[in-house]
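Report on one structure; see the data block that follows.
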Amino acid sequence: MFDKSQHSKERDEVDRLLLVLRLGSERRRRTTLRDKMIVFLLLALTIVYVAEFGLSSILFPGLLFLLWLSNRRMISRAEREALLQLTTFDDTRIVGALVSALRWPDMESHLPVIKSALTRVLPQVSPEEYVLLTPAQRTVLYQNLNFKDASFATAILKAVCTTEDIGALDTVSWLASRQARSKGAQEVVALANICLPILLARKARSGESLLRSAERPVHPHEKLPRTVGPESIADPNPLLRPSVDFTDSGPEAQV
């Protein structure tokens, strides 16, 4: 009973810390426009000063810009503390937040702690949880598949192999072909050679699945999409028709 209660408290604490980070992320998105306006005004001020007083006058607006930049924090103190507290948990839900933190300049001094936590938790991530990582977060993981931190790279490879993430195929293939000298690097190369055929098989299955879908014959009694004609104009339920055609819409543009 005690264990269940303790587990519940830990999950609640993780939820609270993740909420702090989510609110901070939303706050930064709201301030993006303000930051752009500040940069634009400083740039305009610089142009005016240079035109009026010469090139040497750029020192004043330049100092203003550096002062503003030095006082601006990418993340708040509350977010930084929340991230560091998350590293003490083994909850797999913390992976996305910690991976994103690897890119934040504010957290450079804490990278060893963050990587240590990810090394511990990443191998526990299920495929259902792994797919929740954004493309940007996965890219960060791929970029850390190297010999600089063999333990961290090994943990990433275990997650990639378990979830069959074919997005890492090129990097895993490169690792598998390397010549390793140190013991840690040899472990990375060995695991990459184990993971590579798994990813290749997954890619082959994905290709076969797409091919079967493209070649699937239409059943004689299968209902085809209704063509546009006079009978479709007089739709008895006009309010159920979409007001916008999304067939030509493209993908959107990451923290």
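Values in this text are rule-based calculations from the coordinates and carry no lab data. Note that the structure is predicted; figures quoted are calculated from it, not measured. Quick reminder, even Gly has a Cβ in these numbers, built from the backbone with ideal geometry, and neighbours come from all protein chains shown.
Values as computed for the structure displayed
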{"item": "³J(HN,Hα), Karplus 6.51/-1.76/1.60, whole Hz, each residue of the range 17-29, x for Gly, Pro", "result": "5, 5, 5, 4, 5, 5, 5, x, 5, 5, 5, 5, 5"}
{"item": "Fewest-first ranking of Glu10, Glu128, Glu164, using other Cβ atoms within 10 Å as the exposure measure", "result": "Glu128, Glu10, Glu164"}
{"item": "Linear extension gain, Met37 paired with Gln124, 0.36 nm per residue minus alpha-carbon span", "result": "26.9 nm"}
{"item": "For the range 114-130, 3J(HN,Hα) per residue [Karplus equation, 6.51 cos²θ - 1.76 cosθ + 1.60, θ = phi - 60°, Hz, x = Gly/Pro]", "result": "5, 5, 4, 5, 5, 4, 7, 9, 3, x, 8, 5, 8, x, 5, 7, 5"}
{"item": "Cβ-based exposure ranking for Arg93, Arg29, in which fewest neighbours within 10 Å come first", "result": "Arg29, Arg93"}
{"item": "Sorted by Cβ density within 10 Å, fewest first, the residues Lys203, Lys183", "result": "Lys183, Lys203"}
{"item": "Cα gyration tensor shape for the range 78-213, rounded if a/c is under 1.5, else prolate or oblate", "result": "oblate"}
